[in-house]
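The values are calculated or read from the model by the stated rules, or taken from the named source; none is laboratory data. As the structure is a computational prediction, the values presented were derived from the model and not from experiment. FYI the Cβ positions are ideal-geometry reconstructions off the backbone, even for glycines, and counts take in every protein chain you see.
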């Protein structure tokens, strides 16, 4: 039986790779309609002019009704960002924080966004900045009534690029990653870590750590890894390297007994493993 998060929830954040525009539109319609049913204001962001984007949403009964009562907003990514624009991660979060506050002040229960961000991650500089933004906005969503579905064109970008973005989300469909380093921790930690840190994760894990920009509190960086199903020695070494560069100790809370044994065997002084209940 699907959980509330599977169906979409107030604080959901999902990455969705797609191969055809119609595929993204269909998923966006469903995602936004769920928000409308929950009393949220919804925003649709994609390539094209606003009239065309509005027509795309009118194809869904729930979105059509939302348009008629003024609960739906549309924005053209082409009109908002010049070609090759590199987003300011913190500034972008501030914009969505303001939009969420405006939605609440207008009587909505929150803000829900479906955005095709393909045009914002075409260059290495764009990709790096947007991946940092994805983690930063996920931290915001963890504590505020905002949710988002982020779409990326797998054909144009390739699976490698989309995987770099997918691993910064709590959930992903199509073009996903073996792990998720995100801002929805279950215990107040700096971040949460789910999935598997295996051979496939080797190329994704170090840049994901850097892009997450996890900050130390009293010399420690706590990671809620109760959702971690596997971790290999290379990933723990990368974690220790990150801790060393930031003059901190990473506290990894996990149910994996192997993690603690590997840390001891490798003498990784920058990582401390605590068994989660």
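Listed values, structure above:
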{"read-out": "Selection count where residues are over 19 Å from the mean Cα position of the chain (by Cα) and farther than 21 Å from residue 104 by Cβ, scope the stretch 30-61", "value": "15"}
{"read-out": "Residues of the stretch 239-271 classified as touching a residue at least 24 places away in the same chain (Cβ under 8 Å) and under 17 Å from residue 220 (Cβ atoms), total", "value": "21"}
{"read-out": "Subset of the stretch 177-188 [closer than 19 Å to residue 132 by Cβ and either touching a helix residue (DSSP H, G or I) at 6+ places or on another chain (Cβ under 6 Å) or at pLDDT 95 or above (or both)]", "value": "177, 179, 180, 181, 182, 183, 184"}
{"read-out": "Strands (runs of 3 or more DSSP E) lying entirely in the stretch 196-277 (those with 3 or more residues that are under 25 Å from the mean Cα position of the chain (by Cα) and surrounded by fewer than 16 Cβ atoms within 10 Å (Cβ to Cβ))", "value": "220-231"}
{"read-out": "Among the candidates 232, 187, residue that is closer than 20 Å to residue 164 by Cβ and in contact with a strand residue (DSSP E or B) (Cβ under 7 Å, 6 or more places away or on another chain)", "value": "232"}
